1. So, Leu582, is that one more than 38 Å from the chain's Cα centre (by Cα) and not assigned by TED's automatic domain parsing to the domain that holds Asn239 or not?
2. Keeping to segment 636-651, report how many residues are under 14 Å from Gly111 (Cβ atoms) and either outside any helix (DSSP H, G or I) or not small (Gly, Ala, Ser) (or both).
3. Residues that are closer than 20 Å to Lys513 by Cβ: list the strands (runs of 3 or more DSSP E) wholly contained in segment 297-407 that include at least 3 such residues.
4. Looking only at residues in segment 374-432 that are hydroxyl-bearing (Ser, Thr, Tyr) and more than 29 Å from the chain's Cα centre (by Cα), which one is nearest to Asn472 (Cα to Cα)?
5. Of all the helices (runs of 4 or more DSSP H) wholly in segment 75-184, which have at least 3 residues that are assigned by TED's automatic domain parsing to the domain that holds Gly634 and closer than 20 Å to Leu615 by Cβ?
6. Return the residues of segment 491-537 that are modelled with pLDDT of 90 or more, aromatic (Phe, Trp, Tyr) and over 19 Å from the mean Cα position of the chain (by Cα); say none if nothing qualifies.
7. Mind listing whichever residues of segment 346-389 are of a type in the set (Val, Ile, Thr) and either closer than 17 Å to Leu305 by Cα or touching a residue at least 40 places away in the same chain (Cβ under 8 Å) (or both)?
8. For the condition at pLDDT below 90 and of a type in the set (Gly, Ala, Ser), what is the one hit in Ser300, Ser278?
Amino acid sequence: MTILTEAPIFLSILCPLAGLVYAGALYFRDRLNATFGKALASLLAVLRFVVVTLLAFFLLHPLVKSIQKEVEKPVILLCQDNSQSIAYTADSSYYRGSYKDQLKSLQQALGENYEVQSVSFDAAVKGNLDSVRFDGQATNYSALMDHVSSTFGGRNLGALIVASDGLYNQGSNPLYNMQLSNVPLYTIALGDTIVKRDLLLAEVNANRLAYLGNKFPVSIVVQGKKAAGESTVLKVSKNGQTYFQENISIANDAYLRTIDLTLDASEIGIQKYTIELSSISNEVTLINNRKDLFIDVLDSREKVLIVAHAPHPDLNALRDAIESVDNYKVDVVLAKDIKNNINEYSLAILHQLPAVGGNGASLIQNLLDARIPCLFVWGSATDFRAFNNAGYGIALDNYRNNITDAGIHLAEGFSLFNVDPDLAMSLRSMPPLSVPFGDIELSPGAVPFGLQQIGQIKTQKPLIVFNKQNENKIALIAGEGIWRWRIASFQQYNNHVYFDQLITKITQYMSAKEDKSLFRVNGKNDFLENEHIVFDAELYNQSFEAMTDKEVKMRITSDEGLDYDYNFSPNATRYRLDAGQLPSGNYKYVATANTDQGLIERLGQFSISALDLELMNTVADHRLLYQWSQAHDGAMVLPAQMNQLAELIKARKDVVSIAYEHKELKDLINYRWILIVLIILLGGEWLLRKRAGAY
């Protein structure tokens with residue numbers, strides 16, 4: 001501990017001098033010596049000298065510098081796999097019993113020299129060893145390593161011990177995870193590496209959406225292990241009715257076959273199909289012989305109308321991008337040939353319309369009268385005078401029949417839909433569009449998405465802009481040649497993903513129907529078995545002001561007729577419900593809001609898909625565990641050898657305690673004992689003076 005001052009050090013010499021002068025002037029004058037006597041006067045002078053010296057020293061703002069040393073033991077983190085595949089073996093009783101005792105013994109042995117902490121994990125990190133039940137429905141090593149990195153990244157992490165069977169079905173391969181690469185990793189190889197007799201549905205793939213009256217494909221992968229010479233029956237059924245059936249002969253002990261079939265979407269709503277294999281003798285498990293498949297059958301697709309003044313490569317680029325999303329169907333026609341019923345469309349894209357000569361003017365007016373959103377694409381044939389006079393809140397001024405090439409840069413603060421960073425980056429390298437040279441005037445409510453960039457000069461002229469006039473959604477792409485963007489996207493990324501993403505985001509925003517209801521319930525219509533069932537609700541009064549002071553409930557009913565009742569919780573300007581986890585199956589719900597106008601109801605349905613990932617493969621992968629531990633300078637041991645881990649880690653020279661020094665500066669005057677000393681000194685002086693008859 002060291003005492004410092006903010007003032008020059010030589011001033012501290014004046015402090016005892018001040019105390020000496022003060023005490024001498026007060027107690028060593030002849031008159032006072034006669035009063036107190038020489039001995040008492042000397043004692044009082046010493047007390048006053050100490051007090052004055054200290055008070056004078058405090059005026060120099062003294063600081064106390066202290067250095068504290070702290071020793072941090074290495075942290076040994078024991079990570080236990082909690083997934084179902086661990087205990088789904090002949091040794092299940094061992095893992096649920098004596099194995100846990102071995103883990104506790106290992107903890108105690110490590111605790112003699114290290115700080116030992118534990119976590120359990122499956123799809124996510126959930127607790128410590130006390131929470132292990134071997135009931136996790138998925139295994140995700142990436143989630144484990146992310147947790148370790150974020151929680152122990154700044155600690156003295158000495159070593160990781162991961163007890164698992166090497167099987168993962170979510171996240172990435174742990175061998176490619178470079179987080180905490182300098183921390184030694186030890187693995188305890190659990191599970192059974194012996195391949196057992198089993199038939200299973202290894203994969204069932206299908207689109208979640210289908211459209212009424214259409215056929216949809218289903219791909220089924222059938223796997224047989226050590227079942228050569230056996231036969232099974234694959235059956236696909238719904239509500240007890242069989243839609244597909246095939247006899248399968250297992251040709252060898254490592255049998256694998258993909259079966260492709262098509263089913264009819266004949267009913268609206270979420271349809272549950274059951275896919276199952278008949279069992280054979282002595283299978284290790286029958287759970288993976290069956291899967292439920294949920295298909296959401298929609299009544300019809302959203303229809304988009306593309307109307308053009310003349311054929312143009314932009315038309316195919318726009319159509320292909322929009323139809324990359326299953327629930328859109330696009331019709332492309334020329335304005336002079338249109339015979340369609342416009343009321344069936346959710347969006348109209350008008351390429352170079354209105355055109356010179358009045359082509360398309362009446363069509364546009366009919367679309368706007370029908371409240372159909374319109375996306376205009378300008379081109380060389382556009383009649384800009386007619387466009388300006390129509391009052392769309394967008395106008396081109398000072399146009400002199402000149403064309404310029406303009407690229408795109410994104411406008412700041414755009415919020416009509418989300419633009420992910422990869423899409424934004426891809427737009428920077430898009431080739432320019434052919435844009436009319438002039439001044440584009442916007443009404444106050446218009447929202448630019450992209451602005452024109454001429455060469456390296458970023459202008460404030462809009463290239464893509466959204467507006468709303470008289471409740472009609474209006475949008476503009478202020479140039480032709482957008483087909484080049486689709487080609488450029490493929491040249492750079494070997495796919496059209498970013499171009500398609502941009503066009504579909506524009507389409508989704510423009511075609512989205514505004515919900516004018518006072519009570520709205522939002523949520524997914526398909527969940528996995530390990531997901532929480534979450535819904536949001538919005539409630540408005542007659543002035544469309546959000547309310548959160550009313551009671552909002554939901555009753556969820558399963559296919560078996562079981563009811564689950566919940567209350568929504570108010571959250572800022574809306575309501576939220578977390579119903580937790582429910583068993584797999586089909587569910588319907590009724591949400592009710594008790595308002596001043598009466599009870600409002602909203603109906604809906606959703607499905608929960610079973611998560612049988614852990615039972616698809618129960619053969620432990622000890623090779624992965626060995627490679628993982630070797631990649632991190634560790635070792636793999638079997639459960640019978642786990643007590644050796646304490647000695648292996650103790651023998652390492654890099655798993656050591658770390659000493660930290662903490663320097664602290666504190667005002668000397670903040671120490672309470674100094675105040676107590678001053679009070680005692682002054683009080684003692686006062687008592688002695690009073691006893692001697694002085695003041």
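1. In short, no.
2. Looking only at that region, the number is 4.
3. Output list reads 302-308, 328-334, 347-351.
4. If we take residues in segment 374-432 being hydroxyl-bearing (Ser, Thr, Tyr) and more than 29 Å from the chain's Cα centre (by Cα), then Tyr392 is nearest to Asn472 (Cα to Cα).
5. 84-87, 92-96
6. Across segment 491-537, the qualifying residues are Tyr498, Phe499, Tyr509, Phe519.
7. Ile349, Ile364, Ile372, Val377, Thr382
8. Ser300
The values are calculated or read from the model by the stated rules, or taken from the named source; none is laboratory data. Everything quoted here is computed from the prediction, not taken from an experiment. We place every Cβ from the backbone using ideal geometry, glycine too, and count neighbours over all the protein chains shown.
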